[in-house]
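One structure is given below, encoded as structure tokens.
The values are calculated or read from the model by the stated rules, or taken from the named source; none is laboratory data. As the structure is a computational prediction, the values presented were derived from the model and not from experiment. Cβ placement follows ideal geometry from the backbone for every residue including glycine, while neighbour counts extend to all protein chains displayed. Note: accessible area is taken over every heavy atom of the protein model, side chains too, but ligands, DNA and RNA are not part of it. Shrake-Rupley method; radii C 1.70, N 1.55, O 1.52, S 1.80 Å.
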Amino acid sequence: MIYIPVPLMTDIVRRIGSEGFRNLGPFIAAGPFFKQIVFSREVLIDMDLDEFMFNTGLGREESIYRSFLLRCVTEGHEIARYIESLRRLTQDGPSVEALAMLGEVAYSSIYAIFAFAVTIVG
């Protein structure tokens, strides 16, 4: 059997995830070895989460993808933190924690800058 070192496998999975988070479903289903790689910081921080931005239902509390998004938030993924901060601001109301989270990623995209400015001014 051919052995692929864990760092190389992690890089492969990271590159697949950077093309879209849904591409990692088969790896999660493949078993604990690949699940551990998918949920590693290296993979989660580089994940393509653009679909969450344009399909807001994916980030809702009742969504099956919510726990995945929260793992990305925990690891510091900027888009995940942006999406979660907006969810908290709109559904739970303004809070220091949600504003701080939004402020941390405000520099990362034009959407985040706009949202932060609207939140602070509004």
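Within 14 Å of the chain's Cα centre (by Cα), modelled with pLDDT under 90 and either polar (S, T, N, Q) or surrounded by fewer than 18 Cβ atoms within 10 Å (Cβ to Cβ) (or both), is that true of THR74?
So THR74 does not fit the description; no.
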Of all residues in the stretch 56-70, which are out of contact with any Leu (no Cβ under 6 Å at 6 or more places or on another chain) and surrounded by 12 or more Cβ atoms within 10 Å (Cβ to Cβ)? THR56, LEU58, ARG60, SER63, ARG66, PHE68, LEU69, LEU70
Counted residues, the stretch 79-96 - those being open to solvent by 70 Å² or more (accessible area, probe 1.4 Å) and within 18 Å of ASN55 (Cβ to Cβ): 2
List the pairs whose first member sits in the stretch 2-24 and is in a helix (DSSP H, G or I), whose second member is at pLDDT below 95 and among the β-branched types (Val, Ile, Thr), and whose Cβ atoms are under 8 Å apart, counting only residues at least 6 apart or on separate chains? ILE12/ILE4
Pairs with Cβ under 9 Å, 6+ apart, first in the stretch 51-68 and of a type outside the set (Gly, Ala, Ser) and outside any loop (DSSP other than H, G, I, E, B), second open to solvent by 60 Å² or more (accessible area, probe 1.4 Å) and at pLDDT below 90: MET53/TYR111; ARG66/ARG60
So, of the residues in the stretch 37-50 that are under 14 Å from CYS72 (Cβ atoms) and either hydroxyl-bearing (Ser, Thr, Tyr) or assigned to a helix (DSSP H, G or I) (or both), which turns out to be nearest to the chain's Cα centre (by Cα)? LEU44
Hey, can you tell me all the residues within the stretch 65-111 that are among the charged types (D, E, K, R) and farther than 27 Å from VAL38 by Cβ? ASP92, GLU97
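Among the candidates PHE21, PHE34, which residue alone is surrounded by 15 or more Cβ atoms within 10 Å (Cβ to Cβ) and under 14 Å from the mean Cα position of the chain (by Cα)?
The unique qualifying residue is PHE21.
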